[in-house]
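Only one structure is covered here, and it is reproduced in the block below.
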């Protein structure tokens, strides 16, 4: 990718990421807290079989948990399985994930597990099911575009799992996913209704105004322990409104030099993000 294009894209990516370093993430987290937002910090990076890199990511999450505690930040972390070893071996992933969870537990902190593309779905959920009984401050993300998710959600609700529901941002092929936006939205509503009826703790991860309104409607019918989760830099118009209405809102804040693939996913998701890129190129 030519250097000029990368510089222009990074100008837009700054809308969604804190910056390159852990200190950037801490600074942006404080700013979010000052706006009454909780934070979910994520070190960018994924799909690595390199054990040296994997250990580096693991150590950074441990340090990040320490800094969250030291800085009295309202929030926690979210990790990607393929970043912590799942791209190499399930045993390595389990070991590193447990190190992070156990550090978080010393601070009474929660840990979220992101969901990645379909090759990692089964391994991610298998480990979550195995670890959950002994580590209840642990949540996992499920994607509404995946056809298998309804079955997974039923199972995890029965186990007392804690779920973040999102639409899904990874490009997939074959019969694994719903292709039409209307089908994804309809499935999201089905799954969200299951969460409200299930009675456990969960998060609604969406920027879709119609789905946010549906969650508001369901929350009036069923008083549940849930929060809205949104990405840094997206739907900043509605976040203060939800807080004023009494909802908890967390902002997902990624950081790190591996920002390019993350930013491409954000652009695929929203036409408005592409317009922002064009404006940065022309202005």
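What follows draws every value from the coordinates through simple rules; no lab data is involved. Please read these numbers as outputs of a predicted model, since none were measured by experiment. Note that each Cβ is placed from the backbone with ideal geometry, even for glycine, and that neighbours are counted across all protein chains shown.
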The exposure ranking of 23, 105, fewest beta-carbon neighbours within 10 Å first, is 23, 105
Here the relative contact order (percent) of region 21-258, from C-alpha pairs under 8 Å and at least 6 apart, is 22
Over region 27-98, one equal point on each Cα, no solvent: what is log10 I(q)/I(0) by the Debye formula at q = 0.16, 0.19, 0.24, 0.26 Å⁻¹? -0.57, -0.73, -0.96, -1.06
Whole-number value, in Å³ per residue, for the convex hull of the alpha carbons of the chain is 134
For region 14-61, what is Rg from Cα atoms divided by 2.2 N^0.38 Å, rounded to two decimals? 1.33
Antiparallel content of DSSP bridges confined to region 21-258, in %, to 5: 5
Rg to Rh quotient for region 113-250, alpha carbon positions, Kirkwood Rh: 0.95
